[in-house]
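Here is the structure we will look at, set down as structure tokens.
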RNA sequence: GCAGCCUUAGCUCAGUGGUAGAGCAUUACCUUGACACGGUAGGGGCCACAGGUUCGAACCCUGUAGGCUGCACCA
């Protein structure tokens, strides 16, 4: 038996084992396997990203599920990969290009090969390195080089965490096969008539110069100002209408003012005109229900080009649309030279000054409102009219998509954990808006639509030389919504689709989760012949059976983790300090279902300590002889402590099985923590020392066998959470020569023993809770009248024998003189106990203890008697409850009497 | 405005009708023979507040307050 190190050192073990696992190719999922399938697709991280605590949480959970499924005998596919993350990656690369000298060598090399932007003689760029100067083709080359350079990082980091992905199947959303699937999906939707190109109001990001979808707009409260200005009524010289606005800089684009037709203040003005000050124009006063007459003055300036609601009013009243902003958010209005070319926020100040000068500004008051921000550009979005591609969700699946998508979740064909996210999902689907699919971004899947002389064709390949492809690319989510099946080839899909679980954060429930469900229903990847409205169809084409929503990881103060706050710990540093198992276990222990987590390094430290505790329990075991991998406690005479831990282990297995069914990961972790720390180490191990050190003990073999049996199961139970530690111990202790990863999941044992042994152990543990005190104290706790026999190597006086007898409240205590043991042993009909005599020495201490006990017993008794004497209470409580109280009262009474008699004998 | 979640020890959180729990922190003691990444003993709580249901509420119901999140509005 090898001597284990005094403390568990994770790093070398992790390195060694992970390499061995990869060598054995054990994570490769075979479609030909006859084992039942279990599959998960990873939520693909950004290809250029690095591991965050969020990834650690998310991927630990997936790894736990996959490892558990392997122990359950499944053929497991955990499919890894990365997302090209269109705009995000393009923005990152463009930013990096501003400092060409700091570029990674491979990217720099590509840059230097671009003759149109790189001056080789001077070794510097000829032009500013932005996407317009570089051009589509060259920028894509640079981004490809960038992704090749950075793309492997996060994958390597996931391996450090111990993730058991099928790395041979790593996918990237820009892989040729995946690209083809994305294009096919678009073309398919186009030909079904679900996709259209339209000139509509979109959310425009003036920093990234692209449209973004509603889901990517983040509304943020801003301290702004509400300006009230006045326009003169043309038909009534000298009469002014007061108008409230937060955006005076757009007034050049006003083509009407609107009032509510039911507003008595303004009814007589409807149909008349007001004079817009600059550029001067007469614009009509229209009546529109949209106007809230509580807000401001009840008069709304209508700027159809720069506000969604105003655009709709404009449509209703046939108003002209005057665009006064450039795509990058500057004023475009040569008629007003003071403002022309100014940034929109500078123009706001300037236009207020101009209104003031014309005496048209009535007042200016502070006003908090919510402003939509672009997630990527970190600037307020600008509603803007532009030509984009849209998907009309409502037409999908022959018009029944929304209904079916709701049904799938409502009828739990797809189950959400925790369930409450169903409401959020339902609400989104019920109020769904068309999806703006196109992006003015180079990096991504280009829209597969071609134009020639006013003709339009949607197909994957160019129809011919004169045809020109649409310039735009698709929203990155219009590629990742196919991730659950487009990552699989035909045989793989047959075996592993639908996937079993999706583990992700609720922040992308609309962006990704709901859309994956929709894609599954629409594209029928299972090639189901069933009617799309049928349950069979839903079951065959659900992207996943269960969705587990993790919480967000926050810092200790409850703030989101972010780079700018610098409150995001580096998971790799934590792994090297505390071990992958430490971070995994520590995090899982405090990550209840769907609750946000306040993260603190202490938790990881606890995880590490736990690993070390188990390590040392095993180390202790190895000091007492060879492990028997087939140990069967039922073949041996068992101490009460052995019987107790066997019984407890069964309860633990039952609890963990239920936990896995309900995705209660922190419950499972706590259960294992308590079992290992308290039951195994603090109690069983301490009591087992007696047997281990005493060759004469009749229960020694049973105690050893039980230890081996328990460890054997515990290692397997823990393996999903702490794969490295458990594998190392499994192999080192010699439970098997084979990896632990495919061993069967432990089941509840079928041992039968009378409850007396475990009960005796429980009594002892309850009174004398933890380890070392047991030596002297558990005797006191023995309150049962039993006939004991004592073997002891030490000389023992009759007085001592009688004190001992009274302490343990023995019916009788007989000293067995023949063949004295090497250590004292106490034999009882309930089990044999190791008996160090140290405990007898300090009787004074025991006396204090007894007094405490008596106090507690007295309170117990009082409480139970109070319950029993409450007639109303007894009349209404269930009969068995009342019986229980009486029993408890009786026991408390007995205990009290016992303790008192013990005290008097001390 | 609508919806969801949260409020329990100094901190981070479990608990879900029947005696208030864990880890960390803290106090005292212990180099001890698996483990100082350890052990023993302690201190620390009107379970946010107010009503209600119940023999009994941290737990169920209603309301209030505070915090967080999402959606809508956002002139």
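Rule-based calculations on the coordinates, nothing more; no lab input. Quick caveat: nothing in here was measured; it's all calculated off a predicted structure. Here the Cβ positions follow ideal geometry from the backbone for every residue, glycine too, while neighbour counts run over all protein chains shown.
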For residue A:353, placing the label point 7 angstrom along Cα-to-beta-carbon and taking the range A:214-258, residues whose amide nitrogen sits under 15 Å are A:249
Fraction of alpha-carbon pairs in the range A:362-409 farther than 18 Å apart, rounded to whole percent, equals 66 percent
Once both label points are put 7 Å beyond Cα along the C-beta direction, the residue A:394-residue A:22 separation in nm becomes 5.2 nm
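For the range A:403-491, go through all pairs of different Cα atoms, get the mean of 1/r, take its inverse, and jot down that Kirkwood value in Å. Display every interim value, and only then the final one.
On the way: mean 1/r = 0.0613 Å⁻¹.
Final number for the Kirkwood radius of the range A:403-491 is 16.3 Å.
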Inter-part gap, Cα centre of the range A:501-528 to Cα centre of the range A:155-211, in whole angstrom, is 13 Å
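Of the listed peptides A:724-732, A:195-203, what is their order by residue-averaged count of other C-beta atoms within 10 Å, with the highest listed first? If you can, show how the numbers build up before the last one.
On the way: A:724-732: 23.2, A:195-203: 17.7.
Put in order of decreasing packing, that is A:724-732, A:195-203.
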Between the alpha carbon centres of the range A:421-498 and the range A:33-99 the gap in Å comes to 21 Å
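May I ask you to order A:692-698, A:677-683 by the average number of other C-beta atoms within 10 Å around their residues, highest value first?
Values: A:692-698: 15.7, A:677-683: 19.1.
The densest-packed peptide leads the list: A:677-683, A:692-698.
Please tell me the relative contact order of the range A:397-528 in percent, rounded to the nearest whole number, where contacts are Cα pairs under 8 Å and at least six residues apart. Could the numbers behind the result be given before it?
Details: 121 pairs, mean separation 32.9, N = 132.
It rounds to 25 percent for the range A:397-528.
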